[in-house]
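Here's the structure, in structure tokens; my notes come after.
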Amino acid sequence: MEEKLMAKSAIDKLFNPKSVAVVGASRHSGKIGHAVLYNLVYGGYRGKIYPINPNANEVLGLQCYPSVLKVPEEIDLAVITVPSVLVPQVMEEIGQKNISTSIVISSGFKEVGGEGAKLEREIVEIAKKYGIRFLGPNCFGVIDTWNSLNTTFSSQSPLKGHIAFISQSGALCVAILNQGLMEKIGFSKFINLGNKADIDEIDLMEYLADDPQTKVITLYLEDIRQGRKFVRTARKVVKKKPVLVIKAGRTEEGEKAVSSHTGSLAGMDVAYETAFKQSGVIRAYRIDELFDAAEAFANQPIPKSEKVAIITNGGGVGVLLTDAASLNGLKFARFSQKTIEELHKFLPPFASFRNPLDVTGNANEEVYFNAFKTIINDPNVDGVITASLPLQIMDERKLAHLIGEVATQVKKPVIGCFMGGEEVEEVEDILRKYNIPNYTEPERAVKAYAKLVRYKKILEELNMEENVVTFDVNRKGVAEIFKKLREENRTRLTEIEAKQVLENYGIIVPKYRVVKSLEEAVEAAEDIGYPVVLKIVSPDIIHKSDIGAVKINIIDEKKLRVAYQEIIRNVKKHAPKAVVHGISVQEMVPSGIEVIIGGIKDPQFGPLVMFGLGGIYVEIFRDVAFRVTPVSEREAEKMISEIRGYNIIRGVRGRTRGDINFIKETIMRVSQLLEDFKEISELDINPLTVHEKGGFAVDARMKIKY
Ligand code: ACO
């Protein structure tokens, strides 16, 4: 607990320091250390500033110190702008001076490899030794607009506002900063993570969750190194405020070599997509989309539901907004009778009196405003997108004021879609005064609004109870199977071993017996009951059917004898070197709905469970759902219902339905198995044959890593 409190106050000093030292405060205006000092001195920061430079007496009129150790007072934050080779020594001095927080702007660390990576490890060690928390290295620094603190070498500061931006790229910080100024977007904090050798996005999200000036957290990320911690933390943060992310690197290039279906379906991006979805983090795919939504969150309340009203004075814009609204999951509120009667009083008879409401080009600002006021006060309407085109008879500036006055009175979101050329800028400034974000493109307005609705739903979901069931299982039995594999230096389980693992976790498999001779096979088939299936049992043969080592639907002893010999012949011919454990005689279960349940271990996010329809559905349509484990009962249910093939399982059009509770339970049991045994790297139950009541894991593959 104490450690946590300490950590938090160290991060707080990144934004809220009482004093800052710039180590490497250069005398020369073209250097980064000089620019950082300049931004602190002239950016309005009110704390104490200490330039550190052994080669100077004063810089920018401030007394210089040769080292932080020579500063007589306490220092809260040290910004380092000396060449990388000098950073370890500086970090030592920072530790000796008891400075809790530092920003390492210097480049030349892990990003350059070799010696740089060594230097980075060195500074991490020194920081650990003294308990210093640091941002970077190779970073742009931070800006806190509310404290007028700018520790970067930017040429300008962003406008004050309520959006926090955390970026893994320094270059993107600079670009967004300038674009933000052009578009008048207000920021609370601006942070570049750099190499993330210590402080990362998780620490910062946690801190910003309680920052009163931040209403929405936006992130640009290239990787997440502590995936599980990210999910855990994000779920807590999202309950307090929305988190929006752009995650770069979505292509599947570099996908790992995998042998299971689950593995090949889990491309590089699946774990991220899954983790964001599970933690309630809203993903954007473009920078403008990210900040459009951020502006809506920073300025407007969250709607009670997806029921929106659209008002416009131009039919075409109304159509565009309507299409976009439908595509983005918004619902059109039904106007009450009272609203319609009221509208009839001032709208021309040829106006539409339904939602979306077209007040027509006939409407001046008074008429438009009366309509706006009427619909926003309709109890069926939970928010409004207000669109307007510049027309001669309409004073849009006046309209913007009128709308703004009313919008600030109601607790419903209002998003603007005032379109037009340069003249719209003035109108946008007016709307901004009333905290109404405006988008000159209908789809952008709708998408921003839709994210408000999405967040509302996310909050509802996150606040639902999550019940992670723990089944009574035979953990020891599985540990023994894995121990044996390790002893034999094997990573791939045979089908029988994989099924034994599943049985230990209460997952039902068809009856089977492994035999070593034809006579034993005949006996086993008698005991199990015809029809049966014969399969080779070998750790070296993965694709058994491909070489004719699986025979199904064997209805009597005569057929069994033939099938047995054929398998032996095929294996001798196609896999002469394979180690063979025997042949398994298995119960042939009746056909049913074939689904796949799989597992994969992601290097950042740990185990993921997959569910989908089996057979061609999984291969061609990739119709699958993933979740980071552990999977709760509700999540398992959602996995089943969110795939496109859900109706097939539900048994539409007279088809037999599958036992959804059985699938749900199997997903949860697999989740528990993956949680308990982190050495499982790949797992496929394919197919899991599902009947109206229960089902069987008919085939299974599993691989471990140790
Ligand atoms: N303590 C304090 N100051 C010292 C010390 C010391 N031990 N030793 C030397 N100094 C002084 C120097 O005398 C110099 O001051 P002066 O110009 O008055 O003489 C000052 O520190 C800077 O040292 P230089 O050797 O001149 O280093 P320079 O300024 O050329 O470069 C820098 C240092 C900026 C850290 C450089 O090595 C670097 O890494 N640049 C890239 C930074 C970067 O891009 N970071 C990522 C940002 S993200 C983005 O790209 C947007």
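The values are calculated or read from the model by the stated rules, or taken from the named source; none is laboratory data. Since we're looking at a predicted model, the values are computed, not measured. Cβ placement follows ideal geometry from the backbone for every residue including glycine, while neighbour counts extend to all protein chains displayed. Only protein heavy atoms, including side chains, enter the accessible area calculation; ligands, DNA and RNA are left aside. Shrake-Rupley method; radii C 1.70, N 1.55, O 1.52, S 1.80 Å.
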Q) With Leu69, Leu37 as the choices, which residue is modelled with pLDDT of 95 or more, outside any loop (DSSP other than H, G, I, E, B), open to solvent by less than 10 Å² (accessible area, probe 1.4 Å) and over 21 Å from Ala197 (Cβ atoms)? A) Leu37
Q) Restricting attention to region 606-618, does a residue exist that is in contact (Cβ under 8 Å) with a residue 60 or more places away in the chain, open to solvent by 10 Å² or more (accessible area, probe 1.4 Å) and on the phi < 0 side of the Ramachandran plot? A) no
Q: Confirm whether Val85 is open to solvent by less than 30 Å² (accessible area, probe 1.4 Å) and either within 10 Å of the ligand (Cβ to nearest atom) or not in a helix (DSSP H, G or I) (or both).
A: no
**Q.** Subset of region 612-627 (residues that are over 15 Å from Asn647 (Cα atoms) and in a loop (DSSP other than H, G, I, E, B))
**A.** Gly615, Arg622
Q. If you scan region 124-171, which residues turn out to be assigned to a strand (DSSP E or B) and closer than 22 Å to Phe297 by Cβ?
A. Val142, Ile143, Asp144, Leu159, Lys160, Gly161, His162, Ile163, Ala164, Phe165, Ile166, Ser167
**Q.** Among the residues listed as Asn98, Asn55, the single one being farther than 20 Å from Phe134 by Cβ and in a loop (DSSP other than H, G, I, E, B)
**A.** Asn55
Q: Write out, first by first residue and then by second, each pair whose Cβ atoms fall under 6 Å of each other, whose residues are 6+ apart or on separate chains, and whose first residue, in region 649-670, is farther than 16 Å from Gly614 by Cα while the second is of a type in the set (Phe, Trp, Tyr).
A: Arg669/Phe471; Arg669/Tyr505
Q. Do the conditions hold for Phe153, that is, is it within 14 Å of the ligand (Cβ to nearest atom) and touching a strand residue (DSSP E or B) at 6+ places or on another chain (Cβ under 6 Å)?
A. no
Q) Any idea which of Glu675, Glu665 is open to solvent by 60 Å² or more (accessible area, probe 1.4 Å), under 29 Å from the mean Cα position of the chain (by Cα), among the acidic types (Asp, Glu) and under 17 Å from Phe471 (Cβ atoms)? A) Glu665
**Q.** Count of residues meeting criterion [in a helix (DSSP H, G or I) and open to solvent by less than 10 Å² (accessible area, probe 1.4 Å)] in region 186-222
**A.** 5
Q: Only one of these is open to solvent by 20 Å² or more (accessible area, probe 1.4 Å) and under 27 Å from the mean Cα position of the chain (by Cα): Ser641, Ser632. Name it.
A: Ser641
**Q.** Tally of residues being out of contact with any Leu (no Cβ under 7 Å at 6 or more places or on another chain), modelled with pLDDT of 90 or more and of a type in the set (Gly, Ala, Ser) across region 335-387
**A.** 2
(Q) Please pick out the residue among Val90, Val79, Val20 that is surrounded by 13 or more Cβ atoms within 10 Å (Cβ to Cβ), in contact (Cβ under 8 Å) with a residue 60 or more places away in the chain, under 38 Å from the mean Cα position of the chain (by Cα) and near the ligand (Cβ under 9 Å from one of its atoms). (A) Val90
Q: Evaluate the following for Pro603: is it modelled with pLDDT under 90 and surrounded by fewer than 22 Cβ atoms within 10 Å (Cβ to Cβ)?
A: yes
Q: Working carefully through the options Gly170, Gly116, Gly180, find the one that is open to solvent by less than 10 Å² (accessible area, probe 1.4 Å) and within 13 Å of the ligand (Cβ to nearest atom).
A: Gly116
Q: Can you confirm whether region 112-123 contains a residue that is farther than 16 Å from Leu37 by Cβ, part of a loop (DSSP other than H, G, I, E, B), at pLDDT below 95 and not hydroxyl-bearing (Ser, Thr, Tyr)?
A: yes
Q. What is the residue count in region 364-382 for residues that are open to solvent by less than 10 Å² (accessible area, probe 1.4 Å), under 15 Å from Thr408 (Cα atoms) and aromatic (Phe, Trp, Tyr)?
A. 1
Q) Would it be correct to say that Val79 is assigned to a helix (DSSP H, G or I) and under 23 Å from Ser19 (Cβ atoms)? A) no
Q: Identify all residues within region 119-141 that are open to solvent by 10 Å² or more (accessible area, probe 1.4 Å) and touching a strand residue (DSSP E or B) at 6+ places or on another chain (Cβ under 7 Å); write none if there are none.
A: Arg133, Phe140
Q: Sort out which residues of region 40-54 are under 38 Å from the mean Cα position of the chain (by Cα) and either within 16 Å of the ligand (Cβ to nearest atom) or open to solvent by less than 10 Å² (accessible area, probe 1.4 Å) (or both), and write them in order of number.
A: Leu40
Q: Name every residue in region 454-472 that is open to solvent by less than 40 Å² (accessible area, probe 1.4 Å) and more than 24 Å from Glu306 (Cβ to Cβ), in order of residue number.
A: Phe471
Q) In region 343-355, which residues are open to solvent by 40 Å² or more (accessible area, probe 1.4 Å) and in a loop (DSSP other than H, G, I, E, B)? A) Pro349, Phe350, Arg354
Q. Ile32 is checked against (1) in contact (Cβ under 8 Å) with a residue 60 or more places away in the chain; (2) under 20 Å from Pro137 (Cβ atoms); (3) more than 9 Å from the ligand (Cβ to nearest atom) and fails just one. What number does that condition carry?
A. (3)
Q) Quick one: would you say Ser67 is within 36 Å of the chain's Cα centre (by Cα), closer than 19 Å to Val36 by Cβ and within 13 Å of the ligand (Cβ to nearest atom)? A) no
Q) Does region 629-645 include one or more residues that are of a type in the set (S, T, N, Q), in contact with a Pro (Cβ under 6 Å, 6 or more places away or on another chain) and in a strand (DSSP E or B)? A) no
Q. What are the residues in region 48-76 that are in contact with a Ser or Thr (Cβ under 9 Å, 6 or more places away or on another chain) and touching a residue at least 40 places away in the same chain (Cβ under 8 Å), if any?
A. Val71, Glu73, Glu74, Ile75, Asp76
